[in-house]
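The values are calculated or read from the model by the stated rules, or taken from the named source; none is laboratory data. This structure is a prediction, so every number in the text was calculated from the model and none was measured. Reconstructed Cβ throughout: ideal geometry from the backbone, glycine too, with neighbour counts over all protein chains shown.
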Amino acid sequence: MNLPDMNEARKRTRTKPEFIYKDFVNNDKFLGQKYFIKTYGCQMNVHDSEEICGLLDNLGYIQVEDETQADLIILNTCAIRENAHDKVFGFLGRCKHQKKDNPNLKLVLCGCMAQEKSVVDEIMSKHKYIDLVFGTHNIHELPNYLMELDGKQHIEVKSNEGNVFEVGESYKRESKYTAWVNIMYGCDKFCTYCIVPYTRGKERSRKSKDILKEVSCLKEKGYKEVTLLGQNVNAYGRDLEDDLTFAQLLEEVAKTGIDRIRFVTSHPWNFTDEMIKTIAKYDNIMPFIHLPLQSGSNRILKLMGRRYTKDEYLELYNKMKKEIPGVAITTDIIVGFPNETDEDFEETLDVVNQCKYDGAFTFIYSPREGTPAARMEDSIPMEVKEDRLQRLNEVVNKYSNENNQKYLNTVQKVLLIGYSEKDKNKLYGYTETNKLVNVICDQKELGNIIDVKITEAKSFSLDGEAI
Ligand code: 5AD
Ligand code: SF4
């Protein structure tokens with residue numbers, strides 16, 4: 001039994017992470033048993049689930065899409081906002097009843113929620129039917145944990161700063177055309193509202209040689225696109241000795257010749273000129289940047305610990321727009337941070353009106369236990385926050401639509417990655433600027449980058465035809 005510890009999770013020492021190279025061992029211990037996995041949250045979690053699925057397939061498990069058929073149900077959870085909590089326990093509570101028909105059924109909770117002490121306390125007192133809880137630092141131990149399950153509840157959460165596990169190509173990737181590639185783990189920014197530095201450990205980078213090997217291997221397998229993942233990719237390499245900066249890494253990844261390179265997420269602080277130049281220089285680095293604003297008010301930015309002012313953000317934004325031709329920029333915004341005034345909120349709207357983003361994820365602030373902001377008094381009623389969110393969304397959607405209208409009748413390069421949900425005769429894919437397009441074309445084009453004429457532009461997607 002290992003329980004989460006917020007004090008340990010908060011610690012940052014000078015100790016270097018260990019680099020642990022894992023061999024993948026085949027073991028048919030669970031041959032023919034079925035598993036169902038559901039993933040909440042960010043791309044990092046999606047990619048962690050690809051690792052979990054790879055591990056389970058190697059144990060002989062078969063993945064199913066219907067939880068009622070499963071012998072093992074895993075929820076890979078997100079802790080960023082409170083609303084995921086009810087969904088997760090609602091889902092597991094329903095699955096609990098399946099144990100009557102299938103006494104073999106095991107229920108597992110993993111991911112960021114597992115790293116929260118309050119959640120684990122609740123599981124131990126109220127949700128005894130959950131068989132296994134493991135955290136973000138010990139995914140690779142899952143096979144051992146499964147083999148040790150004995151009917152009792154097992155809690156295996158580590159709150160250390162984290163190491164770097166190299167698992168080679170053992171991921172069961174969701175797509176054959178686009179791949180997630182971790183370049184670093186954790187976060188040391190400690191924005192005052194955010195739980196991530198506690199759930200994912202300290203900022204630690206993979207060695208560039210391991211990243212480049214992974215990208216080359218993906219290219220050889222026919223992948224067209226990689227997305228480099230980190231909570232704040234700008235910080236890549238700062239913890240390594242004699243290795244590359246993020247701009248240099250981007251350049252080396254570009255030189256592998258893979259068709260498309262993306263990266264998420266960039267903190268506006270420390271986004272260097274060299275990074276902008278590199279993005280502009282290489283055709284295979286996509287002109288798309290996700291640049292979280294969070295708030296437009298200097299007072300709130302300071303309380304959030306964001307390390308930039310409104311003007312510094314706008315200066316960076318304008319530089320990107322000027323130097324990277326056709327770049328699309330999206331953002332994240334939080335409304336209703338403790339004691340956000342109408343004037344503070346107007347500052348946020350002002351930035352949105354100046355930047356006219358291609359898109360934005362907008363959130364109502366959600367207090368996360370253990371973070372500094374959760375201890376701040378807050379006098380703003382929820383109705384006011386909801387009203388602000390609605391007003392913000394109206395403005396955000398207006399610009400998203402306006403930006404999309406500019407694509408009408410243009411020809412865009414689209415990487416086709418799947419069958420369109422609404423119309424299976426169409427394929428869908430993304431432009432270089434990350435716009436979703438539903439395309440009328442030969443189905444044989446799946447996995448290719450083709451020229452598409454845009455015939456209709458909506459707020460959140462485009463329609464087009466192959467030319
Ligand atoms: N409340 C609301 N939104 C949050 N985010 C992170 N923490 C919180 C929180 N406590 C948002 C930020 C971040 C995105 C991934 O989630 O906007 O960029
Ligand atoms: Fe959270 Fe800030 Fe780190 Fe992003 S940069 S993960 S918002 S602490």
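So which residues in the stretch 200-223 are touching an Asp or Glu at 6+ places or on another chain (Cβ under 7 Å) and part of a helix (DSSP H, G or I)?
Answer for the stretch 200-223, where residues must be touching an Asp or Glu at 6+ places or on another chain (Cβ under 7 Å) and part of a helix (DSSP H, G or I): SER208, ASP210, LEU212, CYS217.
So PHE460 fits all but one of (1) closer than 15 Å to ALA328 by Cα; (2) buried (at least 16 other Cβ atoms within 10 Å of the Cβ); (3) among the aromatic types (Phe, Trp, Tyr); what number is the exception?
(2)
Just for strands (runs of 3 or more DSSP E) wholly inside the stretch 317-433: which have at least 1 residues that are in contact (Cβ under 8 Å) with a residue 60 or more places away in the chain and hydroxyl-bearing (Ser, Thr, Tyr)?
In the stretch 317-433, the matching strands (runs of 3 or more DSSP E) lie at 328-335.
Matching residues to (1) crowded, with 22+ Cβ neighbours inside 10 Å; (2) more than 16 Å from ligand 2 (Cβ to nearest atom); (3) small (Gly, Ala, Ser); (4) more than 20 Å from the chain's Cα centre (by Cα):
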| position | (1), (2), (3), (4) |
| --- | --- |
| GLY162 | no, no, yes, no |
| LYS172 | no, yes, no, no |
| GLN231 | no, no, no, no |
| GLN248 | no, yes, no, yes |
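Working carefully through the options GLY201, GLY135, find the one that is within 19 Å of LEU72 (Cβ to Cβ), under 17 Å from the mean Cα position of the chain (by Cα) and more than 16 Å from ligand 1 (Cβ to nearest atom).
On the way: GLY201 fails: within 19 Å of LEU72 (Cβ to Cβ).
When all the criteria are applied, what remains is GLY135.
Would the stretch 316-330 turn up any residue that is farther than 30 Å from LYS277 by Cβ, buried (at least 20 other Cβ atoms within 10 Å of the Cβ) and modelled with pLDDT of 95 or more?
Checked the stretch 316-330: no residue is farther than 30 Å from LYS277 by Cβ, buried (at least 20 other Cβ atoms within 10 Å of the Cβ) and modelled with pLDDT of 95 or more.
ASP86 is checked against (1) crowded, with 17+ Cβ neighbours inside 10 Å; (2) within 25 Å of CYS194 (Cβ to Cβ) and fails just one. What number does that condition carry?
(1) is the only condition that ASP86 fails.
Does ARG368 fit the bill of being at negative phi, crowded, with 19+ Cβ neighbours inside 10 Å, of a type in the set (D, E, K, R) and within 16 Å of ligand 2 (Cβ to nearest atom)?
Spelling it out, ARG368 is indeed at negative phi, crowded, with 19+ Cβ neighbours inside 10 Å, of a type in the set (D, E, K, R) and within 16 Å of ligand 2 (Cβ to nearest atom).
Just to verify a result, which residue in the stretch 254-271, among those that are β-branched (Val, Ile, Thr) and in contact with a Phe, Trp or Tyr (Cβ under 9 Å, 6 or more places away or on another chain), is nearest to LYS189 (Cα to Cα)? Break it down into steps so the answer makes sense when it comes.
Keep residues of the stretch 254-271 that are β-branched (Val, Ile, Thr), which gives 256, 258, 261, 264-265.
Okay, now just the ones that are also in contact with a Phe, Trp or Tyr (Cβ under 9 Å, 6 or more places away or on another chain), so 258, 261.
Details: ILE258: 31, ILE261: 25 Å.
Here the residue is ILE261.
May I ask you to list the residues in the stretch 174-195 that are among the hydroxyl-bearing types (Ser, Thr, Tyr), outside any strand (DSSP E or B) and either within 16 Å of ligand 2 (Cβ to nearest atom) or surrounded by fewer than 20 Cβ atoms within 10 Å (Cβ to Cβ) (or both)?
Once the filter is applied, which keeps residues that are among the hydroxyl-bearing types (Ser, Thr, Tyr), outside any strand (DSSP E or B) and either within 16 Å of ligand 2 (Cβ to nearest atom) or surrounded by fewer than 20 Cβ atoms within 10 Å (Cβ to Cβ) (or both), the stretch 174-195 yields SER175, THR192, TYR193.
Taking the criterion of being at pLDDT below 95 and loosely packed, with under 15 Cβ neighbours inside 10 Å, would at least one residue in the stretch 401-421 satisfy it?
yes
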